[in-house]
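Shown next, in structure tokens, is the structure this report addresses.
Bear in mind that the values in this text are calculations on the coordinates, not laboratory data. Since we're looking at a predicted model, the values are computed, not measured. Because the Cβ atoms are built from the backbone with ideal geometry, glycine has one as well, and the counts that use them run over all protein chains shown.
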Amino acid sequence: MRRLRGKIALAGVAAGALAIGIVAVAVAGGGHGQRQKLTGYQENPALSTPGSGQFRFSIDQNESKIDYQLSYGGLETAATQSHIHFENRTNTGSIVVFLCTNLGNGPAGTQPCPAGGGTIGGTIRPADIGAGAAAQGIAAGEFSEFVRAIRAGATYVNVHTAGRPGGEIRAQLVQGRRDKGR
């Protein structure tokens with residue numbers, strides 16, 4: 001019985017240390033990691049699709065970079081590209097950042113999209129902010145404007161496919177709270 005209690009106590013200490021380590025990593029990287037669920041219901045117009053995804057991101061404390069991870073699968077056709085756009089929930093908007101593309105239309109160094117689904121990740125820096133939303137007030141390289149748009153809930157990430165070139169799955173990026181897949 002004593003051994004069992006000892007093992008349970010040790011497991012509790014290990015779990016606590018792991019939790020502290022995770023929190024320390026989050027704080028060191030900016031502290032406010034977010035996760036949004038991509039669905040066809042958030043596309044404009046809304047779509048019924050088996051596809052889904054998840055976008056995780058964290059803005060660092062200095063607001064000089066955003067680390068992200070995009071995972072998706074179950075799409076009706078092959079993924080062709082993914083971006084972060086500047087616009088509110090009810091409209092389609094201009095591309096601010098290319099996350100991946102298989103069309104050869106992104107800036108130099110844009111990674112390929114896993115056509116059948118998968119995970120990509122990286123870091124968004126000021127140089128990654130394109131001129132696509134300049135008419136809306138976010139010029140190329142204006143990272144602070146981009147961060148403000150994220151915090152205001154005025155950006156979204158989506159995955160475009162061969163069968164849904166306008167986008168098959170989407171999630172509004174909302175800093176500070178988790179999007180419930182609306």
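Numbers at a glance
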read-out: Peptides 107-118, 161-172 ordered by average Cβ neighbours within 10 Å, highest first; value: 161-172, 107-118
read-out: Calculated diffusion of segment 34-182, Stokes-Einstein form, Kirkwood radius summed over Cα pairs, 25 °C and 0.890 mPa s, µm²/s; value: 165
read-out: Under Karplus coefficients 6.51, -1.76 and 1.60, residue-wise ³J(HN,Hα) of segment 116-122 in Hz, glycine/proline x; value: x, x, x, 9, 10, x, x
read-out: Local electrostatic count, GLY117, Cβ distance below 13 Å [Lys/Arg +1, Asp/Glu -1]; value: -2
read-out: Integer Hz, Karplus 6.51/-1.76/1.60 couplings in order for segment 70-80, x for Gly and Pro; value: 10, 10, 7, x, x, 5, 5, 9, 5, 5, 10
read-out: Calculated from backbone phi, Karplus (6.51, -1.76, 1.60) coupling profile of segment 133-147 in Hz, x at Gly/Pro; value: 9, 4, 5, 9, x, 10, 7, 3, x, 7, 5, 5, 5, 4, 4
read-out: Amide proton proximity set for ILE169, modelled H, under 5 Å, gap of 5+; value: VAL159
read-out: Estimated inter-spin distance, GLN54 and TYR41, nm [label 7 Å along Cα→Cβ]; value: 1.8
